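Engineer: Once you've had a glance at the structure underneath, I'll fire off some questions.
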């Protein structure tokens, strides 16, 4: 049992794993995992199916506890927190976007987005301001009274992102957020993620098997002009966002480094990953991702 005095780490990392291992029925799921997610940094986490990506996310959320090692969120070791303290961490410091659809079908867009703040006792006027702000951010201002069944797949995903980002948590966990989306809608989602990272200084752990997303997220930057307008464009050398990529294989980190190093790597695990998840390359960036002339088919029907 870790002592009370060790619950606060001398670290500036938003999220840190130290020598974390976990097994199920004596079968290792993760082995000796160590990494740090810094402020405003984005870490891409990739690997073949059953490599341990989802287990790592569940550990970061405190839904699982490690057999060995320590996990820190904003400097606090989460292993010894009780359930109410863990809920406070998830509700205040962390936002989560799952790959599966997770909206409440019987609630309006407004109520879905407000849910987390209501659970944590925010005042009604503060909730209202936060909901309307984040819905404008994801391009859904004016859609507050609609229900999930009235929304396209891309709009539902934006509502899920708004619900995760409300109150602007310091850490975002993304579990394949563009899975099964139309390429144009996927581009809109990537643009939102870039905007949240750069404008609100959010730290992100981004799980993906779509390797073509990584260069875009690692080389585009969002900048605010001081008048409320945000533009996303190719970053200059001085503007490059802080990113790195980790590759899991059989529950172990087999690569951790820059995107450029990943693209040059000849490691057999990375070569196999490229073959497994090879997809048609897409150019995600569009000058205006909300241009209605670029609507995907699902939103036209």
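The values are calculated or read from the model by the stated rules, or taken from the named source; none is laboratory data. Predicted, not measured: the structure shown is a model, and the values here were computed from it. Here Cβ is always computed from backbone atoms with ideal geometry, including for glycine, and neighbour counts include all displayed protein chains.
Engineer: Return only the number of the condition from (1) outside any strand (DSSP E or B); (2) within 16 Å of the chain's Cα centre (by Cα); (3) surrounded by 18 or more Cβ atoms within 10 Å (Cβ to Cβ); (4) in contact (Cβ under 8 Å) with a residue 40 or more places away in the chain that residue 179 does not satisfy.
Structural biologist: Every listed condition holds for residue 179 apart from (3).
Engineer: May I ask you to say which residue of 115, 206 is within 29 Å of residue 55 (Cβ to Cβ) and at pLDDT 95 or above?
Structural biologist: Going through 115, 206 in turn, the sole match is 206.
Engineer: Identify all residues within the stretch 73-92 that are under 28 Å from residue 190 (Cα atoms) and surrounded by fewer than 18 Cβ atoms within 10 Å (Cβ to Cβ); write none if there are none.
Structural biologist: Residues satisfying the conditions are 87, 88, 91, 92.
Engineer: Sticking with this structure for a sec: If you scan the stretch 99-127, which residues turn out to be more than 21 Å from the chain's Cα centre (by Cα) and either surrounded by 15 or more Cβ atoms within 10 Å (Cβ to Cβ) or closer than 21 Å to residue 154 by Cα (or both)?
Structural biologist: Result: 105, 106, 107, 108, 110, 111, 122, 127.
Engineer: Of all residues in the stretch 55-92, count the ones that are under 30 Å from residue 211 (Cβ atoms) and either without any contact (Cβ under 8 Å) to a residue 12 or more places away in the chain or assigned to a helix (DSSP H, G or I) (or both).
Structural biologist: 9
Engineer: Checking the condition surrounded by fewer than 16 Cβ atoms within 10 Å (Cβ to Cβ), modelled with pLDDT under 95 and touching a helix residue (DSSP H, G or I) at 6+ places or on another chain (Cβ under 6 Å), which residue from 142, 153 passes?
Structural biologist: Sole residue among the options that is surrounded by fewer than 16 Cβ atoms within 10 Å (Cβ to Cβ), modelled with pLDDT under 95 and touching a helix residue (DSSP H, G or I) at 6+ places or on another chain (Cβ under 6 Å): 153.
Engineer: Condition first: outside any helix (DSSP H, G or I) and under 16 Å from the mean Cα position of the chain (by Cα). Now tell me which residues in the stretch 136-176 satisfy that.
Structural biologist: Result: 138, 166, 167, 168, 169, 170, 171, 172, 173, 174, 175, 176.
Engineer: Here's something else I'd like to know. Among the residues of the stretch 31-54, is there at least one that is part of a strand (DSSP E or B), farther than 18 Å from residue 173 by Cα and modelled with pLDDT of 95 or more?
Structural biologist: Yes, the stretch 31-54 contains a residue that is part of a strand (DSSP E or B), farther than 18 Å from residue 173 by Cα and modelled with pLDDT of 95 or more.
Engineer: So, one more: Please go through (1) outside any loop (DSSP other than H, G, I, E, B); (2) under 30 Å from residue 33 (Cβ atoms); (3) in contact with a helix residue (DSSP H, G or I) (Cβ under 8 Å, 6 or more places away or on another chain) for residue 110 and return the number of the only condition it doesn't satisfy.
Structural biologist: Against the list (1) outside any loop (DSSP other than H, G, I, E, B); (2) under 30 Å from residue 33 (Cβ atoms); (3) in contact with a helix residue (DSSP H, G or I) (Cβ under 8 Å, 6 or more places away or on another chain), residue 110 comes up short only on (2).
Engineer: Would you mind listing the strands (runs of 3 or more DSSP E) fully within the stretch 188-248 where at least 2 residues are buried (at least 22 other Cβ atoms within 10 Å of the Cβ)?
Structural biologist: Ranges flagged: 203-207.
Residues are listed down the side, and each one gets a yes or a no for (1) under 14 Å from residue 195 (Cα atoms); (2) out of contact with any helix residue (DSSP H, G or I) (no Cβ under 9 Å at 6 or more places or on another chain); (3) at pLDDT 80 or above:
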| residue | (1), (2), (3) |
| --- | --- |
| 218 | yes, no, yes |
| 225 | yes, yes, no |
| 236 | no, yes, yes |
| 268 | no, yes, yes |
| 277 | no, yes, no |
